[in-house]
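S.K.: Okay, here's the structure, questions in a sec.
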2 protein chains.
Amino acid sequence: MRLPEPLSKLIEQFTILPGIGPRTAERLVFWLLKRSPETITNFAQVLTRAAHEILFCPTCHNLTDRTHEQCIICADTKRNHALVCVVADIPDLYALEKTSSYEGVYHVLGGVLNPLMGITPDKLTIRHLQERLTDLKVTELIFALNPDTEGEITATYVQKFVERNGLTITRLARGLPQGSDIGYADEITLSHALTDRR
Amino acid sequence: MRLPEPLSKLIEQFTILPGIGPRTAERLVFWLLKRSPETITNFAQVLTRAAHEILFCPTCHNLTDRTHEQCIICADTKRNHALVCVVADIPDLYALEKTSSYEGVYHVLGGVLNPLMGITPDKLTIRHLQERLTDLKVTELIFALNPDTEGEITATYVQKFVERNGLTITRLARGLPQGSDIGYADEITLSHALTDRR
């Protein structure tokens, strides 16, 4: 059946979101339309405000807002600015922050290399990382990229670009995740756990 | 960690949607923020437009837009206006429309009776249905409410309210769904399928 045009447009809009199919989009829209129009316009206002006020930190490419020149992490003088952790994307940065066990700063690449998907080195913030590292105060770079092919390739590529005297380059440890079962662990994980035993 | 305020507000906004928890909301928001600001403001515009332009049809309480006085179904003179199908909510109406096998019109109650959840008869469009049925041209009322306790109670309650001479009241058939397995069917469904055999 033909839906009123503003309604079908709204359903279509929700389906652009990842993991939201036409049925879920319909459900969300019908749910929203049962609320007051204020609920919906408020949703729209929060979106508009985010679009206008959320920016990338000029230092590390984390998210920040228009009222702050740098992101909360880069602006924090109590953190160790000699230690830079390279992550692919912002959710990875937040995951590391949630551990509360990292005191350094970050550099967000904006993705991992994947030439087939059009993600070439110039799409990432690699050159900017290189410029950042000309500051000799930075002494260690930790690669915190996913332990998969794209992550490995990206780390190797970036490493070649930024290597210089006095810069230690490390990667996150690989091994058995907490609560896992050795009997079910894959061979690659197990062999890493063996090699890096401590 | 502390997120920039417009960001945490946006994540919070997504979590009000049904079935969207904080993790999914975060994922959706980070995905959106990787698009251009235009994608986000466009999303906001579509929402605002829906809030302003989508209205309830004054006849059947289906959704319609500001440019049409009645919904597409009520305005369709080729449909059988003597046949009114009572549904709890708009998604049920759309589900019935998708079958393309119904030629009558609808009446959307706006929910089912559930006094514990505060859904009392005055919250539904029962009185309006009664007024609609004073038009003697309506000859049949089909209850298409979910075959569960709330649906049954609502149908029985509404039926008492609207009964009059010359009005046939029917309910959707109950029986085995297409593709189901008799061995796995529950007793209530099977006994309905037996009673209503044809």
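No lab work stands behind these numbers, since they all come straight from the coordinates. Owing to the predicted nature of the structure, the values given are computational and were not obtained by experimental measurement. Reconstructed Cβ throughout: ideal geometry from the backbone, glycine too, with neighbour counts over all protein chains shown.
S.K.: Per 20 Å bin from zero, what fraction in whole % of the C-alpha pairs of the protein assembly as shown is there, up to the bin with the longest pair?
M.R.: Taking every Cα pair in the protein assembly as shown, the percentages come to 21, 39, 26, 13, 1.
S.K.: Find every distance from the label point of A:Thr99 to the corresponding label point in the other copies (7 Å from Cα along Cα→Cβ) and write them in nm, one decimal, shortest first.
M.R.: In nanometres, ordered from closest: 5.6.
S.K.: Let me ask something else. Considering the rotational relationship between chains B and A, which residue of chain B contributes the beta-carbon of minimal distance to the axis, and what is that distance to the nearest Å?
M.R.: That would be B:Ala44, 2.
S.K.: While we're looking at this one, here's another question. In nm, what does the list of distances from A:Arg197 to its counterparts in the other copies look like, shortest first, when each label sits 7 Å along Cα to Cβ?
M.R.: Ordered by increasing distance: 7.1 nm.
S.K.: Continuing with this model, one more query. Could you work out which residue, out of A:Ile188, A:Ile153, A:Ile126, moves most in a Gaussian network model of chain A, that is, has the largest mean-square fluctuation with Cα springs under 10 Å?
M.R.: A:Ile188
S.K.: Quick one: what do you get for the stretch B:1-107 if you divide its Cα Rg by 2.2 N^0.38 Å?
M.R.: 1.48
S.K.: Now for a different question. Taking R0 as 35 Å, what FRET efficiency do you get between B:Tyr94 and A:Thr170 from their Cβ-Cβ distance, rounded to the nearest 0.05?
M.R.: 0.05
S.K.: For a quick check: with amide H placed at 1.01 Å from N, whose amide H comes under 5 Å from A:Asn62's, ignoring anything fewer than 5 positions away on the same chain?
M.R.: For A:Asn62, whose amide H was placed from the backbone, the distant partners under 5 Å are A:Cys57, A:Val108.
S.K.: Would you list A:Tyr157, B:Tyr184 from fewest to most Cβ contacts within 10 Å?
M.R.: Ordered from fewest to most neighbouring Cβ atoms within 10 Å, A:Tyr157, B:Tyr184 come out as B:Tyr184, A:Tyr157.
S.K.: Express the Stokes-Einstein translational diffusion coefficient of chain B in µm² s⁻¹, to the nearest whole number, given a Kirkwood radius over alpha-carbon pairs, 20 °C and a viscosity of 1.002 mPa s.
M.R.: My calculation gives 106 µm²/s for D.
S.K.: By its C-alpha gyration tensor, with a ≥ b ≥ c as the square roots of the eigenvalues, how is the stretch A:78-137 shaped: rounded for a/c under 1.5, else prolate for a/b larger than b/c, else oblate?
M.R.: oblate
S.K.: What is the gain in length, in nm to one decimal, between B:Thr120 and B:His52 on full extension, counting 0.36 nm per residue of separation less the C-alpha to C-alpha distance?
M.R.: 21.7 nm
S.K.: If I measure Cβ to Cβ between cysteines in chain B, which ones have no partner under 4.7 Å?
M.R.: When partners are defined as cysteine Cβ atoms under 4.7 Å apart, chain B leaves B:Cys60, B:Cys74, B:Cys85 without one.
S.K.: Using the structure shown, list the pairs from A:Lys98/A:Lys160; A:Lys9/B:Lys34; B:Lys98/B:Lys137; A:Lys9/A:Lys98 with a Cα-Cα distance above 28 Å, or answer none. Intermediate results must be reported in sequence, preceding the final value.
M.R.: Details: A:Lys98/A:Lys160 30 Å; A:Lys9/B:Lys34 22 Å; B:Lys98/B:Lys137 26 Å; A:Lys9/A:Lys98 37 Å.
Going by Cα-Cα distance, A:Lys98/A:Lys160; A:Lys9/A:Lys98 fall outside the 28 Å limit.
S.K.: At A:Ala185, label 7 Å along Cα→Cβ: distances to the other copies, nm, ascending?
M.R.: 5.3
S.K.: From the phi angles alone, apply the Karplus equation (6.51, -1.76, 1.60; θ = phi - 60°) to the stretch B:60-73 and give each ³J(HN,Hα) in whole Hz, x where the residue is Gly or Pro.
M.R.: Ordered by residue, 3J(HN,Hα) equals 10, 6, 6, 7, 8, 10, 4, 7, 10, 6, 10, 6, 4, 6 Hz.
S.K.: So the label point goes 7 Å from the Cα of B:Ala75 along Cα→C-beta, right? Which residues of the stretch A:1-26 then have their backbone N under 17 Å from it?
M.R.: A:1-9
S.K.: In the Gaussian network model of chain B, springs joining C-alpha atoms below 10 Å, which of B:Ile73, B:Ile40, B:Ile54 carries the largest mean-square fluctuation?
M.R.: B:Ile40
S.K.: Can you list residues whose amide H is under 5 Å from A:Ile142's amide H, if they're 5+ apart or on another chain and H is modeled 1.01 Å from N?
M.R.: For A:Ile142, whose amide H was placed from the backbone, the distant partners under 5 Å are A:Val84, A:Cys85, A:Val86, A:Thr170.
S.K.: Same structure again: Can you give the percent of C-alpha pairs in the stretch B:87-198 whose distance is more than 20 Å?
M.R.: More than 20 Å apart: 49 percent of the Cα pairs in the stretch B:87-198.
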